[in-house]
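**Q** This is the structure, below, for whatever I ask next.
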Amino acid sequence: MTHADSTPSPLQWRAHPWHQEPPGKSTTLVGIIFAVGAVAAWSFEHILYGLGSILILLATTSRYLLPTDHLVDGQGASTTHLGFTRKLRWQQIARVDVHRDGLFLSPFNQASRLDGFRGIFLRYADNGGRVAVTVDHWRRSLQDSKALKDPES
């Protein structure tokens, strides 16, 4: 196998936790959201408080309720959710944290309060092994190219 044969092709997938998680979990979440909205409308005696609560809760849980598109290629990794794309080039990624349901790519060497704003989470969609291998390959390729450019470091 030549080096060209071992280079993975760009990996693109869609993760949708609503469909990946057990139906009871998803149904319970939606039930809680609407129950909170009903309680807010009743306690503040106006339907707009209930609707506002529901909209806020739906927005904050959108990564669970709606799909997110992911792309890992030779340039870096990106996620697109609700039309907004977040990208990190391989040169920017200092840390990869492995989680049960995905990989977190961070530009910080150590955990930081800014991780949630600067990093990206690549949620698996029954492809965890391929995602991990592809990310590892591109990060190693970057390290190897740095070593070739600067052999003294």
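Bear in mind that the values in this text are calculations on the coordinates, not laboratory data. Treat the numbers as computed from the prediction; the structure is a model and nothing was measured. Reconstructed Cβ throughout: ideal geometry from the backbone, glycine too, with neighbour counts over all protein chains shown.
**Q** Can you tell which of GLY37, PHE108, TRP138 lies farthest toward the positive end of the dipole of the chain, using +1 and -1 charges on the Cβ of basic and acidic side chains (Lys, Arg; Asp, Glu)?
**A** The residue sitting most towards the positive pole is PHE108.
**Q** Here is a further query. Can you pull the semi-axes for the chain, root of five times each eigenvalue of the Cα gyration tensor, sorted largest first, whole Å? Can you show the working numbers first?
**A** Values: eigenvalues 316, 59, 26 Å².
Listed largest to smallest, the semi-axes of the chain are 40, 17, 11 Å.
**Q** Would you look at the GNM of the chain, springs on alpha carbons closer than 10 Å, and say which of VAL135, VAL39, VAL72 moves the most?
**A** Highest fluctuation of the listed residues: VAL39.
**Q** Using the count of nearby Cβ atoms within 10 Å as a rough guide to exposure, how do TRP42, TRP18, TRP138 rank from fewest to most?
**A** Ascending Cβ contact count within 10 Å gives the list TRP42, TRP18, TRP138.
**Q** State, to one decimal in nm, how far the label point of ARG139 lies from the label point of LEU48, with both points 7 Å from Cα in the Cβ direction.
**A** So the two model labels end up 4.9 nm from each other.
**Q** Helix-only estimate, please: 222 nm mean residue ellipticity of the chain, summing -39500 (n - 2.57) across DSSP H runs of length 4 or more and dividing by its residues, to the nearest 500.
**A** So the calculated ellipticity at 222 nm is -14500 deg cm²/dmol.
**Q** Ok, one more. Ranked highest first by the average count of other Cβ atoms within 10 Å around their residues, in what order do 19-30, 77-88 fall?
**A** Working: 19-30: 11.8, 77-88: 14.4.
My ranking of the peptides, most packed first, is 77-88, 19-30.
**Q** Mind checking the full-extension length gain between ALA94 and SER9? Use 0.36 nm per residue of separation minus the Cα-Cα distance, one decimal, nm. Could you put the intermediate results ahead of the total?
**A** Values: separation 85, 0.36 × 85 = 30.60 nm, distance 2.25 nm.
This chain segment gains 28.4 nm when fully extended.
**Q** Then there is this: Just want the ordering: HIS99, HIS70, from fewest to most Cβ atoms lying within 10 Å of their own Cβ.
**A** HIS99, HIS70
**Q** Quick one: angle between helix 128-149 and the longest Cα principal axis of the chain, in degrees between 0 and 90, rounded to 10, please.
**A** Value to nearest ten degrees: 40.
**Q** OK, next. Can you put ASP97, ASP115 in order of Cβ neighbours within 10 angstrom, beginning with the fewest?
**A** Going from least to most buried by this count: ASP97, ASP115.
**Q** Further question: Between helix 47-60 and the chain, what is the angle of the helix's C-alpha long axis to the longest principal axis, kept within 0 to 90° and rounded to the nearest 10?
**A** Roughly 10 degrees between the two axes.
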